[in-house]
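> Please see the structure below; I have some questions.
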Amino acid sequence: MADLFEAAGLTPHAPSPLADRLRPQTLGEVVGQDHLLGEDGPIGRMAQAHRLASMILWGPPGTGKTTIARLLAKAAGYEFQQLSAVFTGVADLKKAFEQARARRLAGQSTLLFVDEIHRFNRAQQDGFLPFVEEGIVTLVGATTENPSFELNGALLSRCQVFVLKRLDDEALTTLLAKAEAFEGRPLPLEPEARQALVALADGDGRYLLTLAETLFNIGTAKALSTKELGAILQKRSPAYDKDREEHYNLISALHKSIRGSDPDAALYWLARMLAGGEDPLYLARRLIRTAAEDIGAADPMALVLANAAKDTYDFLGSPEGEIALAQLVVHLATAPKSNAVYVAFKAAQKAAKATGSLMPPAHIRNAPTRLMRDLGYGKGYAYDHDTEEGFSGQNYFPDEMERPVFYRPKGEGAEGPIKARLDRWAEMRVRKSQPGREE
């Protein structure tokens with residue numbers, strides 16, 4: 001009688017996925033990671049010396065993290081033991097460490113590979129420390145998340161972090177050639193469709209081989225066009241997680257492209273974030289901040305337009321409202337830039353923190369009562385509109401504080417006339433503070 005595994009086709013004779021059958025057998029066969037695995041690469045040198053250090057492999061899905069760990073253990077003569085943070089509990093960890101300790105007593109080193117290591121909580125991560133320090137295991141953790149955000153500092157200090165690259169088109173094309181050689185037949189694709197298949201994989205080698213296996217299995221003799229390929233394969237959503245590092249990388253790219261006056265790059269990152277499912281109102285909020293921080297008084301209308309774009313999206317929704325965000329991005333990227341207001345406010349905040357108890361000078365204090373007037377509040381105040389030049393030149397800082405200069409306009413756009421007025425007023429202030437000075 002067949003068991004459940006046989007009924008499901010999960011017998012030892014059941015075919016494994018193409019990506020598994022094409023798994024490299026040596027480190028030299030791994031594509032796209034020569035900066036780590038080559039003869040001069042840090043992991044390649046470890047393998048040659050047969051001495052491994054604990055490490056974290058950080059990179060996108062489908063770039064070879066598990067394969068590298070397995071082949072590294074093989075090359076260095078270590079016992080390979082694999083755990084997944086998704087399915088492993090405290091009892092499993094204890095058992096793995098006990099087995100590694102027993103192997104060490106027998107003279108055998110253990111490479112403990114932990115997939116999705118970022119999914120372990122802080123206490124579980126701390127549990128690795130004594131076993132790594134004593135050399136009972138050489139830890140190789142794999143993660144798609146930024147280790148500096150997700151892993152304990154204590155664990156990171158005991159591991160080297162190696163960054164795996166997203167597979168480029170050359171590496172993906174090499175994988176397709178290996179798949180065709182393994183199958184003994186070419187993929188049924190026209191040249192442009194072949195390029196589209198590589199683009200569809202988006203740097204993920206495992207996903208590319210999964211797509212290739214689907215095409216091999218349909219058994220068509222006719223070469224498919226790009227349109228026909230799209231009808232067979234579903235478009236993959238771009239790698240984007242609104243709660244993870246990719247979110248912060250892309251919003252940083254959008255902001256800095258605007259600051260760098262590159263409307264084309266800014267539109268690209270806007271489109272990337274929208275395609276990834278980002279909340280357009282989050283983008284609107286960030287663009288409003290950009291208008292205030294990076295354009296500022298050089299184009300006073302930028303902040304008004306930013307709020308208008310937010311209101312437009314709020315009113316229209318997607319996808320029509322996204323056009324308003326695109327218009328705003330282009331306006332901000334092509335506007336004159338000045339962070340003078342931003343810098344001035346930061347400096348003013350610092351000064352306010354340092355001198356927070358100083359009172360305003362008496363002549364500009366409010367004097368609603370007779371007692372206050374008797375104390376000199378408001379005495380000598382000059383009403384600027386009544387002066388001949390509309391500018392009194394009086395001091396408005398605390399008496400105990402030397403007059404600082406926070407706002408230094410850069411002269412871009414609308415700040416040009418502002419700078420000229422401030423320069424003129426500064427000269428008048430000096431003149432009015434010295435009554436005997438010649439006009």
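> How much accessible surface does Tyr342 have with a 1.4 Å probe, in Å² rounded to 10?
90 Å²
> Here's something else I'd like to know. How would Phe182, Phe128 rank on accessible area, largest to smallest, probe 1.4 Å?
Working: Phe182 100, Phe128 0 Å².
These residues rank, largest area first, as Phe182, Phe128.
> On the full set of protein chains, 1.4 Å probe, figure out the accessible area of Trp425 and give it in Å² to the nearest 10.
Here the accessible area works out near 80 Å².
> Per the 1.4 Å probe, what fraction of the accessible area of the stretch 14-155, in percent, lies on carbon and sulfur atoms? Could the numbers behind the result be given before it?
On the way: 3310 of 6620 Å².
On the stretch 14-155, the fraction of accessible area on carbon and sulfur atoms equals 50 percent.
> Could I ask something else about it? What does the charge count around Phe406 come to, taking other residues whose C-beta lies under 12 Å from its C-beta (Lys +1, Arg +1, Asp -1, Glu -1)? Before the final figure, lay out the partial values.
Details: positive: Lys346, Lys350, Arg403, Arg408; negative: none.
Around Phe406, the charge tally is +4.
> Hey, how many Å between the Cα centroid of the stretch 376-404 and the Cα centroid of the stretch 39-85?
Using only Cα atoms to place each centre, the spacing works out to 71 Å.
> OK, next. For the stretch 85-138, what is the convex hull (Cα atoms) projected area averaged across all directions, in square nanometres? Present the calculation step by step, with values, prior to reporting the outcome.
Numbers: hull surface 13.7 nm².
One quarter of the hull surface, i.e. the mean projection, equals 3.4 nm².
> Can you pull out the GluC sites (Glu not before Pro) in the stretch 102-183 that DSSP calls coil and that have at most 16 other Cβ atoms within 10 Å? Kindly include the intermediate steps, with their values, before the conclusion.
Numbers: sites: Glu116, Glu133, Glu134, Glu145, Glu150, Glu170, Glu180, Glu183; in loops: Glu116, Glu134, Glu145.
In loop regions of the stretch 102-183 (DSSP not H, G, I, E or B), the sparsely surrounded GluC sites (Glu not before Pro) are Glu134.
> Which order do His50, His385 take by accessible area at a 1.4 Å probe, largest first?
On the way: His50 105, His385 150 Å².
Ranked from most to least accessible, the order is His385, His50.
> At 222 nm, what value in deg cm²/dmol follows for the chain if DSSP H runs of at least 4 each add -39500 (n - 2.57) and the sum is divided by all its residues, to the nearest 500? Mind dumping the intermediate values first?
On the way: 22 runs with 222 residues, N = 439.
Helix contribution divided over all residues of the chain: -15000 deg cm²/dmol.
> Shifting gears a bit: In terms of solvent-accessible area of protein heavy atoms at a 1.4 angstrom probe, what is the ranking of Ile117, Ile218, highest value first? Don't skip to the end; give the middle numbers.
Numbers: Ile117 0, Ile218 75 Å².
If we order Ile117, Ile218 from most to least accessible, we get Ile218, Ile117.
> What number results when the radius of gyration of the stretch 174-308, computed over Cα atoms, is divided by 2.2 N^0.38 Å?
Normalised Cα radius of gyration, the stretch 174-308: 1.47.
> Determine which lysines satisfy two conditions relative to Lys379: a Cα distance under 19 Å, and not lying fewer than 8 residues away in the same chain.
Within the straight-line limit of under 19 Å, Lys379 reaches these lysines: Lys432.
> Now, a different point. Amide H to amide H under 5 Å from Leu224: which residues, 5+ apart in sequence or cross-chain, H placed 1.01 Å off N in plane?
Residues meeting the criterion, in which the H sits 1.01 Å from N, are Leu189, Glu190.
> Another question, then. Might you work out the accessible area of Arg166 for me, using a 1.4 Å probe with all protein chains in place, and round it to the nearest 10 Å²?
Here the residue's solvent-accessible area equals roughly 120 Å².
> Identify, among Asn152, Phe128, Gly203, the residue whose Cα sits farthest towards the positive end of the charge dipole of the stretch 123-278, taking +1 on the Cβ of Lys and Arg and -1 on the Cβ of Asp and Glu, with the dipole about the Cα centre.
With unit charges placed on the Cβ atoms, the residue in question is Gly203.
> Further question: Match the structure shown to one of the listed values [x] 1.10; [y] 1.47; [z] 1.00 of Cα Rg over 2.2 N^0.38 Å, computed from it, and give that label.
[y]
> Now for a different question. So what is the diffusion coefficient of the stretch 133-193 in µm² per second by Stokes-Einstein at 37 °C and 0.692 mPa s, using a Kirkwood Rh over Cα pairs? Walk me through the numbers before you get to the answer.
On the way: Rh = 15.5 Å.
Once the numbers are plugged in, D ends up at 211 µm²/s.
> Just order 205-211, 388-394 by mean Cβ neighbour count inside 10 Å, highest at the front, would you? Write out the running numbers ahead of the final one.
Details: 205-211: 22.1, 388-394: 12.9.
Listed from highest to lowest mean packing, they are 205-211, 388-394.
> Ratio of Rg to Rh for the stretch 289-393, alpha carbon only, Kirkwood?
Working: Rg = 21.8 Å, Rh = 17.8 Å.
Ratio of gyration radius to Kirkwood radius: 1.22.
> Quick one: grab Rg to one decimal and Dmax as a whole number for the stretch 175-227, Cα atoms only, in Å.
Rg then Dmax for the stretch 175-227, in Å: 10.2, 27.
> Long-range amide H contacts for Glu79: which residues qualify at under 5 Å (H placed 1.01 Å from N, peptide plane, sequence gap of 5 or more or a different chain)?
Amide H neighbours of Glu79: Ser109, Thr110, Leu111.
> Please determine, in degrees from 0 to 90 and to the nearest 10, the orientation of helix 263-275 with respect to the longest principal axis defined by the Cα atoms of the chain, where the helix direction is its Cα long axis.
With both axes taken from Cα atoms, the answer is about 60 degrees.
> Oh, and also: What whole number of Å gives the distance from the Cα centroid of the stretch 136-197 to the Cα centroid of the stretch 361-375?
Taking the Cα centre of the stretch 136-197 as reference, the centre of the stretch 361-375 is 73 Å away.
> Using alpha carbons only, how many degrees (0 to 90, rounded to 10) separate the axis of helix 415-433 from the longest principal axis of the chain?
Rounded to the nearest ten degrees, it is 40.
> Express the accessible area of the chain per residue in Å², computed with a 1.4 Å probe while the remaining protein chains stay in the model.
Working: 25010 Å² over 439 residues.
Heavy-atom accessible area per residue stands at 57 Å².
> On to the next question. With a cut-off of at most 12 other beta carbons within 10 Å, and DSSP calling the residue loop, which GluC sites (Glu not before Pro) in the stretch 10-98 qualify? Please list them.
Values: sites: Glu29, Glu39, Glu79, Glu98; in loops: Glu39.
Hits after loop and neighbour filter: Glu39.
> Here's a follow-up. Could you work out how much longer the chain between Gln25 and Glu402 gets when fully extended? Use 0.36 nm per residue separation minus the Cα distance between them, nm to one decimal.
Details: separation 377, 0.36 × 377 = 135.72 nm, distance 7.28 nm.
Stretched fully, the Gln25-Glu402 segment lengthens by 128.4 nm.
> I would also like to ask the following. Per residue of the stretch 78-86, what does 6.51 cos²θ - 1.76 cosθ + 1.60 with θ = phi - 60° give for ³J(HN,Hα)? Whole Hz please, x for Gly and Pro, Karplus curve as stated.
The phi angles translate into 9, 6, 9, 10, 10, 10, 10, 5, 6 Hz.
> Here's another thing I want to ask about it. What is the percent carbon and sulfur in the accessible area of the stretch 309-439, measuring with a 1.4 Å probe over the protein chains and ignoring ligands?
Working: 4990 of 9160 Å².
The value for the stretch 309-439 is 54 percent carbon and sulfur by accessible area.
> If you don't mind, another one. So for the chain, averaging the separation of alpha carbon pairs under 8 Å that are six or more residues apart and normalising by length, what relative contact order in percent results?
Working: 569 pairs, mean separation 47.9, N = 439.
It comes to 11 percent, rounded to a whole number.
> Can I get the semi-axes of the stretch 381-424's equivalent ellipsoid? Compute them from the C-alpha gyration tensor as square roots of 5 times the eigenvalues, in angstrom, largest first.
On the way: eigenvalues 105, 62, 7 Å².
Taking √(5λ) for each Cα gyration eigenvalue gives 23, 18, 6 Å.
> With everything on Cα atoms, drop me the angle between helix 90-105 and the longest principal axis of the chain, reported from 0 to 90° to the nearest 10.
That helix lies at roughly 60 degrees to the long axis.
> OK, next. Using only Cα atoms, what is the ratio of the radius of gyration of the stretch 66-193 to 2.2 N^0.38 Å? Please list the in-between numbers first.
Numbers: Rg = 18.4 Å, N = 128, 2.2 N^0.38 = 13.9 Å.
Here the Cα radius of gyration is 1.33 times the empirical estimate.
The values are calculated or read from the model by the stated rules, or taken from the named source; none is laboratory data. Nothing here was measured: the structure is a model prediction, and the numbers come from that model. Every residue, glycine among them, receives a Cβ derived from its backbone with ideal geometry; neighbour counts consider all protein chains shown. Ligands, DNA and RNA are stripped out before the accessible areas are found, and what is left, the full protein with its side chains, is counted by its heavy atoms. Shrake-Rupley method; radii C 1.70, N 1.55, O 1.52, S 1.80 Å.
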